[in-house]
Amino acid sequence: MKKNEEKTSVLFLENGPIQVTGTLKISGQYGEKESKDPVYFCRCGGSKNKPYCDGSHRTDGFKG
Ligand code: FES
């Protein structure tokens, strides 16, 4: 690994979101956002703040 490269990791949390750690650039219709903090992406479909998890998976019965 090169000196300035950070390792990115993707983890599917049981019955919850996808956790991505590392330096990320997230692009969409509203522009771009860079994050170095862990980001949690919804995979249950119930979030009101897609693509991010808002905790709805805890109450919508998501299993995965
Ligand atoms: S995974 Fe958390 S709201 Fe969808």
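What follows draws every value from the coordinates through simple rules; no lab data is involved. Only a predicted model underlies this, so the values are computations on that prediction, with no experimental measurement involved. Using ideal geometry, Cβ is built from the backbone for each residue, glycine included, and neighbour counts are taken over all protein chains shown.
Observations on the structure shown:
- Under the combined filter of DSSP loop state and at most 14 neighbouring Cβ atoms within 10 Å, region 6-49 retains these GluC sites (Glu not before Pro): E6, E14.
- Net charge dipole, the chain: roughly 80 debye, given to the nearest 20, about the Cα centre with Cβ charges of +1 for Lys and Arg and -1 for Asp and Glu.
- Region 9-58 shape via C-alpha gyration tensor axes, a/c threshold 1.5: oblate
- Here the Karplus curve 6.51 cos²θ - 1.76 cosθ + 1.60, taken at θ = phi - 60°, turns the phi angles of region 6-22 into couplings of 9, 6, 9, 10, 10, 10, 8, 7, 4, 6, x, x, 9, 9, 10, 10, x Hz, with x standing for Gly and Pro.
- Linear extension gain, K33 paired with L11, 0.36 nm per residue minus alpha-carbon span: 5.9 nm
- Exposed loop positions in the chain were taken to be trypsin sites (Lys or Arg not before Pro) whose DSSP state is not H, G, I, E or B and which have at most 15 other beta-carbon atoms within 10 angstrom. Between these positions, the longest stretch is 8-35.
- Once C-alpha pairs closer than 8 Å and six or more residues apart are averaged by separation and normalised to the residue number of the chain, the relative contact order reads 28 percent.
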